[in-house]
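Undergrad: Here it is, the structure, as structure tokens.
Derivation of every value follows stated rules applied to the coordinates shown; laboratory data play no part. Treat the numbers as computed from the prediction; the structure is a model and nothing was measured. Glycine also receives a Cβ, built like all others from the backbone with ideal geometry; neighbour counts cover every protein chain displayed.
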Amino acid sequence: MIRLWEPPKRRLRIQSRTRFVVFVLVVVLTVLAILIPKKETSQVSYKPYRVAYGDTYWGIAKQLKQAGYKPKADIRMIVHELISKSGIKPHELKEGDTIYIPVMEGLE
């Protein structure tokens, strides 16, 4: 069989050693930043809280934030923390349920 057209064979060459070194460093630093776990700055303990009539995760998170718990955090992150720690879905939360709320030193 006769080949009519064949692409030219090219060798990959490093044009600029500086660019290559910078590229490799960026890739390595990106991989390291993804793989290194983030450390929590403070230890948070949780205490049980009995849900009262009309309580919602959002309302409880709002009260915690006003009391000084994670004042710069988005309230949705606090709500997610409450849900994941308690294990009760928001639409299943009812009066008398026990959920866990964070307690930090000086915050009670």
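Undergrad: Quick one: which residue in 60, 34 is of a type in the set (Val, Ile, Thr), closer than 27 Å to residue 85 by Cα, part of a helix (DSSP H, G or I) and in contact (Cβ under 8 Å) with a residue 12 or more places away in the chain?
TA: The match here is 60.
Undergrad: Keeping to region 56-107, report how many residues are aliphatic (A, V, I, L, M), loosely packed, with under 14 Cβ neighbours inside 10 Å and in contact with a strand residue (DSSP E or B) (Cβ under 9 Å, 6 or more places away or on another chain).
TA: The qualifying residues number 1.
Undergrad: Among 81, 95, which is the only one that is under 19 Å from the mean Cα position of the chain (by Cα) and acidic (Asp, Glu)?
TA: Every option except 81 fails the conditions.
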